[in-house]
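All of the numbers you see were taken from the coordinates with simple rules; none came from a lab. Predicted model only: the values in this text are computed from it and were never measured. Neighbour counts run over all protein chains shown; Cβ positions are idealised from the backbone, glycine included.
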Amino acid sequence: MFRNPYVLIGVVLTFVGACSIPVFYLLLGCTPLTALGTSVAILGVLCLGLSRTRPEIPPEVSAMLLQAGVENVSALVEELGLTSQAIYLPSSMTEGPPKAIMPLSSNPSRPHIRSKLPNRLIVTYGPNPKDTGLMVTTPGSATVAMLESKPGPSATELESALSHVLIGMLDLANSVRVNMAGNKINVEVSNPHMEYPKALVYQYLGTPLASIIASIAAEALDKPVSVGSEQQQKSKTLVELEVLP
Amino acid sequence: MRIYNVYIILLALFFMLTTFILSLSDQSSWDLYFSLYLIVYLIFTLLFTYLNPRARRLSNVTGYLLFAGFALIVASKVLSLLGVLP
């Protein structure tokens, strides 16, 4: 019954608050303590309300599912010998949610994707036979669906969308800052609290945090985006994205 | 859910601070305490704009309940001014 800690806290606070109000008011006649009991009851009701918004799936199960997914994609990347950086596509360029494409050929120049790509695992994105890639769903693909509306292309709008998802929905960070300069987007995430096992695929796809940022940025700008670099500092993570033409 | 914890802890701290300051100034009107709790609650609910939509909806419901309590207090004051209530 009390697997969710907010339910336990809510029940205890509401009970203590509701019982203390008549005791302090009728027996002791002390207004400040009666008011304190009222505030405890308010906090209890609030905790009970917030407990209903917690996901049913335990975090351990989520971590297990993430690990299984990451290991499967890592095995696929390793087996195919992919070494190109993944390109995050907006939903307007895929049939369905935003996805990431990993080119099969290790061509140093970035591929130009012009048309909408079919919803398949192996897709052809250009006229040459080598223009083939692996299109995968990333953690960022699912988070774009959490946005109430499509974010605008300015730095402020992107920052607001990232804050909404990373702070409000996923509770992964304390604050997010976005700077745009030319075709580069610098995102600073302070106190990111996300731990993930090391995997080969993160070298090409970016970590789950970078993946979420890249997917939302691609959706906001309506352009393909790739993760340029990712730096872990003491209490923040810096993600540099490159906007592709 | 750290954002929920911060929200609840800040609310609890400010509720306690409000109670402490009002009790120091020797206020004995429960209505005043309740009205200030409502103001503190509304301020923090506005500040935490990044709460997820469901949590925001539920905290708004709590806000409506508190506002209904405040409306009852105002109504009782008006009725006592009109002489309907003692």
| Amide hydrogen neighbours beyond the local backbone of A:K236, cut-off 5 Å, H modeled | A:N191
| Total formal charge among the other residues, if their Cβ is under 11 angstrom from that of A:N179, Lys/Arg +1 and Asp/Glu -1 | -1
| In sequence order, what are the phi-derived ³J(HN,Hα) couplings for region A:9-22 according to the Karplus relation 6.51 cos²θ - 1.76 cosθ + 1.60 with θ = phi - 60°, rounded to whole Hz, with x for glycine and proline? | 4, x, 5, 5, 5, 5, 5, 4, x, 5, 6, 6, 4, x
| Size of electric dipole in region A:1-116: Cβ of Lys, Arg +1 and of Asp, Glu -1, about Cα centre, debye, nearest 20 | 400 debye
| query | What number, in nm² with one decimal, is the all-direction average of the projected area of the convex hull of the alpha-carbon atoms of region A:133-245? | reply | 6.8 nm²
| query | Please report, for the Cα atoms of region A:1-153, the Rg to one decimal and the Dmax as a whole number; what are they, in angstrom? | reply | 26.7, 86
| said: Amide H of A:L117 versus every other amide H placed in the peptide plane: which residues, excluding those fewer than 5 positions away on the same chain, fall under 5 Å? | reply: A:T94, A:E95
| request: Would you kindly derive the ³J(HN,Hα) couplings of region A:28-36 from the backbone phi angles with the Karplus curve 6.51 cos²θ - 1.76 cosθ + 1.60 (θ = phi - 60°), listing them in order in whole Hz, with x for Gly and Pro? | output: 9, x, 9, 5, x, 6, 4, 5, 4
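With a 10 Å Cβ neighbour count serving as the proxy for reagent exposure, in which order, fewest first, do A:H112, A:H164 appear? Can you show the working numbers first?
Values: A:H112 11, A:H164 22.
With the fewest neighbours first, A:H112, A:H164 line up as A:H112, A:H164.
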| request: Sequence neighbours fewer than 8 away in the same chain don't count; with that in mind, list the lysines whose C-alpha is under 19 Å from A:K130. | output: A:K116
| Relative contact order, percent, of chain A when contacts are C-alpha pairs under 8 Å separated by at least 6 residues? | 17 percent
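Which whole number gives the average, over all residues in B:24-36, of C-beta atoms from other chains lying within 10 Å of the residue C-beta? Don't skip to the end; give the middle numbers.
Details: counts 1, 0, 2, 3, 6, 2, 7, 2, 2, 7, 5, 0, 2.
Neighbouring Cβ atoms belonging to other protein chains average 3 per residue here.
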| task | Lys and Arg at +1, Asp and Glu at -1: add these up for the other residues within a Cβ distance under 13 Å of A:M146 and post the number. | result | -1
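Could you list the chymotrypsin sites (Phe, Trp or Tyr not before Pro) in region A:1-31 that lie in coil according to DSSP, counting only those with at most 16 other Cβ atoms within 10 Å of their Cβ?
Numbers: sites: A:F2, A:Y6, A:F15, A:F24, A:Y25; in loops: A:F2.
The qualifying sites are A:F2.
Can you give the % of DSSP beta bridges in chain A that are antiparallel, to the nearest 5? Don't skip to the end; give the middle numbers.
Numbers: 33 of 34 bridges.
The antiparallel proportion sits near 95 percent.
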| said: Based on C-alpha coordinates, I'd like the Rg and Dmax of the protein assembly as shown, in Å. | reply: 26.0, 90
| request: Please turn the phi angles of region B:64-81 into ³J(HN,Hα) values with the Karplus equation 6.51 cos²θ - 1.76 cosθ + 1.60 (θ = phi - 60°), one per residue in order, whole Hz, x for glycine and proline. | output: 5, 5, 5, 5, 4, x, 5, 4, 5, 4, 4, 4, 5, 5, 5, 5, 6, 5
| query | Using modelled amide H (1.01 Å from N, peptide plane; none on Pro or chain starts), what sits under 5 Å from the amide H of A:L244, excluding residues fewer than 5 places away? | reply | A:V225, A:S226
| request: Go through region A:195-245 and name the trypsin sites (Lys or Arg not before Pro) that are in a DSSP coil and have 11 or fewer other Cβ atoms within 10 Å of their Cβ. | output: A:K198, A:K234
| query | Where the Cα atoms of region B:12-86 are projected onto their three principal axes, how long is each span, largest first, in whole Å? | reply | 46, 29, 12
| Peptide A:86-99: average number of partner chain Cβ atoms within 10 Å per residue? | 0
